[in-house]
1. Find the all-direction average of the projected area of the Cα convex hull for the range 286-418, expressing the result in square nanometres with one decimal place.
2. So for the chain, averaging the separation of alpha carbon pairs under 8 Å that are six or more residues apart and normalising by length, what relative contact order in percent results?
3. Taking a point 7 angstrom from the Cα of Y60 along the C-beta vector, which residues in the range 258-289 have backbone N less than 19 Å away?
4. How much length is gained if the chain between N200 and E21 is pulled fully straight, taking 0.36 nm per residue apart and subtracting their Cα-Cα distance, in nm to one decimal?
5. Using Cα atoms only, what is the angle between the long axis of helix 186-199 and the major principal axis of the chain, expressed in degrees (0 to 90) to the nearest 10?
6. Run down the aspartates and glutamates and flag those whose C-alpha is under 12 Å from the C-alpha of K159, throwing out any fewer than 8 positions away in its chain.
7. What residue among K218, K137, K69 has the largest mean-square fluctuation in a Gaussian network model of the chain, using Cα springs under 10 Å?
8. Going down the list K157/K191; K180/K316; K141/K180, which pairs span over 22 Å between their C-alpha atoms?
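We did not get these values from a lab; they are worked out from the coordinates using the rules stated. If you're wondering where the values come from, they're calculated on a predicted model, not measured in any experiment. Using ideal geometry, Cβ is built from the backbone for each residue, glycine included, and neighbour counts are taken over all protein chains shown.
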Amino acid sequence: MYEELGISQKVYEMSEKVENEIQDILKKIDNNCMKTTAKVLKAFQDNRVSTTDFSEVTGYGFTDIGREKLEKIYAQIFEAEDALVRPQIMSGTHALYITLSGLLKSGDTMISISGEPYDTLQSVIGLTGDSENSLIKCGIKYEQIELLEDSDFDYEKIKNRIEQGNVKIVEIQRSRGYSKRKSITIDKIEKVTKIIKDINSNVIVMVDNCYGEFVEDKEPTEVGVDIFISSLMKNLGAGIATSGGYVVGRKDLIHLVAERLTSPCIGKDLGANFNQLLSYYKGLYMAPSVVRMTLKTMVFASKMLEEFGFSNISPKFDEKRTDIIQTMDLLSEEKLVKFCQGIQKGSQIESYVVPVPDDMPGYHYKEIMGGGSFTPGATIELSCDGPICEPYTAYMQGGLTYEYGKLGIMIAIDNMLK
């Protein structure tokens, strides 16, 4: 059976050895999943979810009880005052844009304290590209404080800058994006948020939470963060939601973001659900388990690659994780391309397709991306991509089940080693 999938005896035997060695780590992932599952279940029960809440509401979308209830559930799970969960939010980048442009006005200053933002956010800010609608072109000031070498915040620089005043928003990118630094844990986010708030409680702390939900036992708003965003194509969509995004946080801030999404004085009151509510409820319900499966797949992948001699891997298989992303420096264009092609080969959709490097909007280099998914672009489904530049780093995430994820990793490794 394994040979029919293109898995060699060598890779199969290594997978058996690896799985035996990672059992304790997998058990810890299971334990955290139980905690988040209980939190989600209680929110569903407390808000008295009914089948009538899944009904389609068309037109302007006024008085959508199911939509309003879903947003209350999000707020409860994340211990926040309010939430905006909509199919009209098309991606994580879109969620970031409406949040930043809704909260910032001309003359305001935002500071990224996690170093250089992800590629597409750089275009939103105006660091790259030539859009007349970028934040900088709209009169917003941007500053950046780099992380230290150990991927921790530069607390002293941050403290000094906040004390100087004139800061509206501090932005934190939890996941690493295409950078070499590590992803940022909730403990570090809590520490830096407290430092900022102790100096000036009016500074808005915002977190880009993409890929981070349900990985740890706490979320940003539980440790003092004012607002955070993500896409339903990632963790909370669980491979069931086919579009959408969300913003969670303080009620006054969510109101401003909602007005940016729709229009002033209308805000959250407008927006047809496009018959997406059932998939949003079901995706959230399944998210703790799917995130668990993804984490197990990434731990398995990390250990397998290490066993086959790839030492520059992050996180290591036994390292604490705060998102679902696994990176590995494959050191040559050929290996990066073949690994991504192997992920595609091990996919359930379009496994016959052979991806090749090409230009992608918003990115600096040609990109290679592998992963056939039920929803195109859904990175909670097993996928791998990377820029065609040294050290040819592969960025992998997803896996709706551990079993499918394991098979995909084994096929990809075999494809790369041939």
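1. Seen from a random direction, the Cα hull of the range 286-418 projects 7.7 nm² on average.
2. 18 percent
3. The answer is 258-275.
4. Gain in length upon complete extension: 59.7 nm.
5. 20 degrees
6. Filter leaves D198.
7. K137
8. Pairs exceeding the cut-off: K141/K180.
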